[in-house]
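Data block below; observations after.
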Amino acid sequence: MQVVINSRTSINPTAIWAMRHSGASLQQIASKIGRTKERVRQILVRNYGSTKHNLISTEQLCKLSGLPRNCIMKLYQDGVFTPVREWDTSIGHYLLWSPATAEQVNIYYKTHRLCKMCHCPIPKVRLVYCSEQCYKESHKYKYRSTEAKQRHLRSVKRYREKCKQMAQVAVIGNSKTPITALGSN
């Protein structure tokens, strides 16, 4: 919503309130209407009693839904829920959500959270697997990706080489032959 105000008499508190409720900061509103941030705050307090908007942050959404931030962000990244407002700064990526989103997230999680192993519903106290048995089963070697298997094999190879070197050092340390004599053979 573009609001252009040239004189003091043409300030529209309803437009300012609408911008604030759509998630705009006081500074963003001030730059759009050509006033200071403090003046925008005064207008909102005088006409509506508060400068607060009805949107909630991601942290507040986590508290209301009872889920960790990574679960909320995964739903956002998968496109299941979209925020009312989002913006990037040099510090980070900010999202503002509708208060009704918390209930929608809870309903979604009750109906869509399935175990990665057995595809049974996941209890609220667990995040990915329905039981300890499914967790242990999923971490078996046969379920690893090709890259993970290759990393594991390289790790085993390094471990075996290290054991051989340590065994050779132990043999040399136990023999009565000086180390310099062994190097000359």
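Here the convex hull built on the C-alpha positions of region 8-48 has a volume of 61 cubic angstrom per residue.
Take the alpha-carbon positions of the chain, form their convex hull, and give its projected area averaged over all directions (one quarter of the hull surface) in nm². Before the final figure, lay out each step's value.
On the way: hull surface 85.5 nm².
Hull-based average projected area comes out at 21.4 nm².
Across all directions, the average flat footprint of the convex hull enclosing the Cα atoms of region 69-108 is 3.0 nm². Using the Cβ-Cβ distance between Q28 and S131 with R0 set to 41 Å, the FRET efficiency works out to roughly 0.25. With neighbours defined as other Cβ atoms within 10 Å of a residue's Cβ, the residues T58, T111, T101 order from fewest to most as T111, T58, T101. Remark: region 72-79, residue by residue, has Karplus-estimated 3J(HN,Hα) of 4, 5, 5, 4, 5, 5, 7, x Hz, where x stands for each Gly or Pro and the curve is 6.51 cos²θ - 1.76 cosθ + 1.60 at θ = phi - 60°. Rounded to two decimals, the Cα-based Rg/Rh of region 59-151, with Kirkwood Rh, is 1.07. A Förster distance of 35 Å, applied to the separation of the beta-carbon atoms of Q104 and R154, puts the FRET efficiency at 0.20. Once both labels are positioned 7 Å from their Cα atoms along Cα-to-Cβ, the gap between V171 and T82 label points is 6.9 nm.
Short-range pairs are left out: with C-alpha atoms under 8 Å and at least six residues apart, the relative contact order of region 40-113 is 31 percent. Pairs over the 27 Å Cα-Cα cut-off, from the set K52/K110; K74/K140; K74/K110; K63/K140; K63/K116; K63/K110: K52/K110; K63/K140. Over the chain, what is the relative contact order in whole percent, taking alpha-carbon pairs under 8 Å and six or more residues apart? Computed over the chain, the figure is 12 percent. 3J(HN,Hα) along region 24-30: 5, 6, 4, 5, 5, 5, 4 Hz, from the Karplus curve 6.51 cos²θ - 1.76 cosθ + 1.60 with θ = phi - 60°, whole Hz, x for Gly and Pro.
Every read-out reported here was derived from the displayed coordinates using simple, explicitly stated rules and does not represent laboratory data. Computed from a predicted structure; not experimentally measured. Ideal geometry is used to build each Cβ from the backbone, glycine not excepted, and the neighbour counts take in all protein chains shown.
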